[in-house]
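*Asks:* Here's a structure for you.
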């Protein structure tokens, strides 16, 4: 039975995860994501993608009943969660993680692959895998150090603490904390604002930052130059420059 629903509004596509009671990840959910994401990300009419959950959870993490099967075959199926994250990370458009509820383990890992993270003030965020004799092995052990530095990342993963929304914001794990009654409005306004931007430039910017990060500066600058040249051939660049000269708001198309 499908657990993902998709809604579209003004260039924004919202994927809602609904697998009670905790939106835990299993192979069927992963395959469903891998089926719905490519066409959405390729659709020029979708200029911003939002991921959110239902109930008290964004995603609680992996389904422990499934993870108990430690066979290589089962673990390979669960490992495809990183393929979902790579699709989001490489998306040539902005991706928002609307963390309506608790984002734990694989849910926190999923959010790290998104460009913007908005967390409900009543939700928690963390990587509790250590309590199971595991570590965040679906992207978390690699993306978290890149976000907050290796020392803090190791402490967060070793401690396995569920952080309050305020603490997650303080540590830079999320970009914004919003009270529940304002959550949907803030997410919608953020997504519409991103969709109105030159998404062609956003896509190239994401790729260039990822490709250049950690490289020697001269090599990284060559990647940057390629990105600049690529954007000078887009309609959005022409529109942005002309709109500035015309003293009017630009109307970007993502092309």
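*Asks:* Only one residue in 3, 59, 36 is touching a residue at least 40 places away in the same chain (Cβ under 8 Å), on the phi < 0 side of the Ramachandran plot and surrounded by 13 or more Cβ atoms within 10 Å (Cβ to Cβ), so which one is that?
*Replies:* 59
*Asks:* Please enumerate the residues belonging to region 111-124 that are part of a helix (DSSP H, G or I) and either surrounded by fewer than 24 Cβ atoms within 10 Å (Cβ to Cβ) or in contact with a helix residue (DSSP H, G or I) (Cβ under 6 Å, 6 or more places away or on another chain) (or both).
*Replies:* As a first pass, look at region 111-124 and keep what is part of a helix (DSSP H, G or I): 111-112.
The one that is part of a helix (DSSP H, G or I) and either surrounded by fewer than 24 Cβ atoms within 10 Å (Cβ to Cβ) or in contact with a helix residue (DSSP H, G or I) (Cβ under 6 Å, 6 or more places away or on another chain) (or both): 112.
*Asks:* What number of residues within region 176-221 are in contact with a strand residue (DSSP E or B) (Cβ under 8 Å, 6 or more places away or on another chain) and either at positive phi or assigned to a helix (DSSP H, G or I) (or both)?
*Replies:* Residues that pass the stated criteria total 11.
*Asks:* If I ask for residues that are closer than 21 Å to residue 136 by Cα and either not assigned by TED's automatic domain parsing to the domain that holds residue 114 or not in a helix (DSSP H, G or I) (or both), which ones from region 18-53 would you list?
*Replies:* Of everything in region 18-53, those that are closer than 21 Å to residue 136 by Cα and either not assigned by TED's automatic domain parsing to the domain that holds residue 114 or not in a helix (DSSP H, G or I) (or both) turn out to be 22, 23, 24, 25, 26, 51, 52, 53.
*Asks:* Anything in region 54-72 that is closer than 14 Å to residue 104 by Cβ and in a helix (DSSP H, G or I)? List them, or say none.
*Replies:* 64, 67
*Asks:* Based on what the data block shows, is residue 79 within 30 Å of residue 196 (Cα to Cα), out of contact with any helix residue (DSSP H, G or I) (no Cβ under 7 Å at 6 or more places or on another chain), surrounded by fewer than 21 Cβ atoms within 10 Å (Cβ to Cβ) and in the same structural domain as residue 153 (by TED's automatic domain parsing)?
*Replies:* On the way: within 30 Å of residue 196 (Cα to Cα): no; out of contact with any helix residue (DSSP H, G or I) (no Cβ under 7 Å at 6 or more places or on another chain): yes; surrounded by fewer than 21 Cβ atoms within 10 Å (Cβ to Cβ): yes; in the same structural domain as residue 153 (by TED's automatic domain parsing): yes.
No: the conditions fail for residue 79.
The values are calculated or read from the model by the stated rules, or taken from the named source; none is laboratory data. These numbers were taken from a predicted model, which means no experiment stands behind them. When we count neighbours, we look across all protein chains shown, and the Cβ atoms used for this are built from the backbone with ideal geometry, even at glycine.
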